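Only the coordinates and a few stated rules stand behind these numbers; no lab work does. Fair warning: this is a prediction, and the values are worked out from it, not measured in the lab. Here the Cβ positions follow ideal geometry from the backbone for every residue, glycine too, while neighbour counts run over all protein chains shown.
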Amino acid sequence: MGTFGGAYDIQYNVPYTFSSIEIQYIGGSTSGSVSSITTSYDGTNTYLIISASMSLSSQETATSVIVNVKSAGGGRNFCINGQTVSSGSAIQIPYNATLPSGTINITVTIEFSPAT
C-alpha cells in the first residue's frame, strides 16, 4: 500500500511512494510526513485516503495542498512531468482556507470511479 507508480529505470522495479503532504500558504509552506494510507470501497468507487499532521506557528491562509512522493529505495529515480527525480510533487490541489495555529491534520482523498 502506498505505491503510486512505476520507476524511471523499470528494470530495477523500484516504485515510488507517498512521502509527505505540504500546505502552501501566503508567504511560505509547511509539511508533514504521511502518517497513514488507507483505502475504502463504497460498492461503486474506491477511495485512497492519505493523511498527515503538521504544525503552524501562526494562523495562515492556505493556497494549495501538495502530495509529495519519493523513490522507494536503491537511489533510483523516476519521472514526474518529464523530469527524472528521486522525489517531487505528484498531486497539487488548489485549496483556499484559513488555518489556525498549532497542529493541523490534513487528509487527501482520491476517488477512483469505474469506467462507464
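Tell me, what ³J(HN,Hα) does each residue in the range 45-52 have, in order and in whole Hz, if you take phi through Karplus 6.51 cos²θ - 1.76 cosθ + 1.60 with θ = phi - 60° and put x for Gly and Pro?
Calculated HN-Hα couplings, in order: 10, 10, 10, 9, 10, 10, 10, 7 Hz.
I want the local charge near S29. Using Cβ-Cβ distances under 13 Å, sum +1 for each Lys or Arg and -1 for each Asp or Glu among the other residues. The partial results should precede the final answer.
Values: positive: none; negative: E22, E60.
Result for the neighbourhood of S29: -2.
Shape verdict for the range 3-112, please, from the Cα gyration tensor: rounded (a/c under 1.5), prolate (a/b greater than b/c) or oblate. Don't skip to the end; give the middle numbers.
Numbers: a/c = 2.23, a/b = 1.45, b/c = 1.55.
Oblate shape, in that a/c is at least 1.5 and b/c is the bigger or equal ratio.
With a Förster radius of 30 Å, plug the Cβ-Cβ distance of S51 and T84 into 1/(1 + (r/R0)^6) and report the FRET value to the nearest 0.05.
Values: r = 29 Å, r/R0 = 0.96.
Once the sixth-power term is evaluated, E becomes 0.55.
Can you list residues whose amide H is under 5 Å from I80's amide H, if they're 5+ apart or on another chain and H is modeled 1.01 Å from N?
So I80 has HN proximity to V85.
Search the structure for amide H atoms under 5 Å from the amide H of S19, placed 1.01 Å from N in the peptide plane, and list their residues when 5 or more places away or on another chain.
N68, V69, K70
Would you mind putting 91-104, 53-66 in packing order, based on average other-beta-carbon counts within 10 Å, highest first?
Values: 91-104: 11.9, 53-66: 14.8.
Highest mean packing first, the order is 53-66, 91-104.
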